[in-house]
Structures are given as C-alpha cells and as structure tokens.
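Participant: For reference, the structure I am asking about is given below.
The values are calculated or read from the model by the stated rules, or taken from the named source; none is laboratory data. Not measured: the values here are computed from a predicted model. Quick reminder, even Gly has a Cβ in these numbers, built from the backbone with ideal geometry, and neighbours come from all protein chains shown. Surface accessibility is based on the protein's heavy atoms, side chains included, excluding ligands, DNA and RNA. Shrake-Rupley method; radii C 1.70, N 1.55, O 1.52, S 1.80 Å.
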Amino acid sequence: MTARTVLQQADIARALTRISHEILESNRGTNDLVILGIPTRGVELARRIAETIQRIEPHAVASPADIVGALDVTMYRDDLARQPIRTPQPTSLPGPIDGKTVVLVDDVLFSGRTIRAALDALNDLGRPRAVRLAVLVDRGHRELPIRADYVGKNLPSAASERIYVRLAGVDGEESVTIESPDEAPAGSTGATA
C-alpha cells in the first residue's frame, strides 16, 4: 500500500477555522470557554483554534492564553503497563474549569481511550459544566462510546493503517497522511488511540 496525503497545510487551516466557528456558535461566544489540548499535537491544535477564535471575535478574547491550556493524560491511560515509555507533560490551565465549557482537542480520534483518560484527568481538576471534543481527524474504530463534537475530517481507515498528523510547530511540516505500518517514517508517531 502506498502512503497518501489526505490533508495539506491549507486543508488543515480550513478545518481549524471551521471548528473554531462551530465552537463559537455552539457556545454562543467565548464566555466560560476553556480549550484544552492533549499533548503533543492537540496542544498545538488548541492554540491555533484559540488564535482563530481571537481573530473571529477580537473583543471577546484579549489573548489566546486566556482560554487555552494543556491537559496531560499520561497517568490516566489504561495502557501504561504495555507502553511504559510515555513521558508526562505538564498540565496547564488558563484558570479554574468549574462551571465552564471545556473543549478537549486532539489530533486523531481512534479507539477513544485517550479521551476516556482525559475525562478522568478532568475529574481531578474540577467540574466543568460541559465537556466537548474537537479532533482534526476521526478515523473510526471506536472501542468506547465516545464521539467528537467538532471534526476536521472523517477518515475511515483499516485498523492496520496509521494516520500521521504532522504540524509545523511540532514536526516542521504540515500534513495528514495515511500509511501502512511498514511505511511509517522515522521519527513520526502514528496515532493509535
């Protein structure tokens, strides 16, 4: 099987702009909105969404830092025994999450286990009014009853295939590719959860 690019830089930018508009519309603005990215690429995507929201409604958000943060889920994962190499990243919140609408942001939604871990991590931090999920790519194959509220691209794929999200701020390039495991580029991390 050959590797194929499914999203390029312009496609990713359009998807994030659409997601930003959808978040603003469903939340009726930015009041009580918190956007938390799941490391590593989810944090970059969350930052971009917050920046786009600021451009759309400049008077509603003084700075993206006012609404964006990072939520590390490493210690809440159910696969630590199988993959103990994971390194925890710092969790940073823009403020308390109690009574707020929290939008979790991740690059790829696959089995749903990462999001389950994120929900457990949120429980330790406070009690949001609502939790929403934004993902750049939804590839299916759910193992848990989790669904994204905002999706950049639905990308049905075989379970043996890997989706690679590369973002300029993290990887030095911008693309989403679908590849078979034997074609995985060196240094890339394929989303599996």
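Participant: Could you please find all residues in the stretch 102-152 being without any contact (Cβ under 8 Å) to a residue 60 or more places away in the chain, touching a helix residue (DSSP H, G or I) at 6+ places or on another chain (Cβ under 7 Å) and of a type in the set (D, E, K, R)?
Facilitator: Asp120, Glu143
Participant: Please find, within the stretch 3-32, the residue that is least open to solvent (accessible area, probe 1.4 Å) out of those that are in contact with an Asp or Glu (Cβ under 8 Å, 6 or more places away or on another chain) and among the polar types (S, T, N, Q).
Facilitator: This residue is Thr30.
Participant: Let me ask something additional. List, please: which pairs have Cβ atoms under 6 Å, are six or more places apart or on different chains, and start with a residue in the stretch 157-168 that is more than 13 Å from Val6 (Cα to Cα) and without any contact (Cβ under 8 Å) to a residue 40 or more places away in the chain and end with one that is open to solvent by 20 Å² or more (accessible area, probe 1.4 Å) and not in a helix (DSSP H, G or I)?
Facilitator: Listed by first residue and then by second, the contacts come to Ala159/His141.
Participant: Ile35 versus (1) crowded, with 20+ Cβ neighbours inside 10 Å; (2) part of a helix (DSSP H, G or I): which is the lone unmet condition?
Facilitator: Result: Ile35 fails condition (2) only.
Participant: The conditions are (1) part of a helix (DSSP H, G or I); (2) without any contact (Cβ under 8 Å) to a residue 60 or more places away in the chain; (3) under 17 Å from the mean Cα position of the chain (by Cα); (4) surrounded by 20 or more Cβ atoms within 10 Å (Cβ to Cβ), and Gln54 fails exactly one of them. Which is it?
Facilitator: Every condition holds for Gln54 apart from (3).
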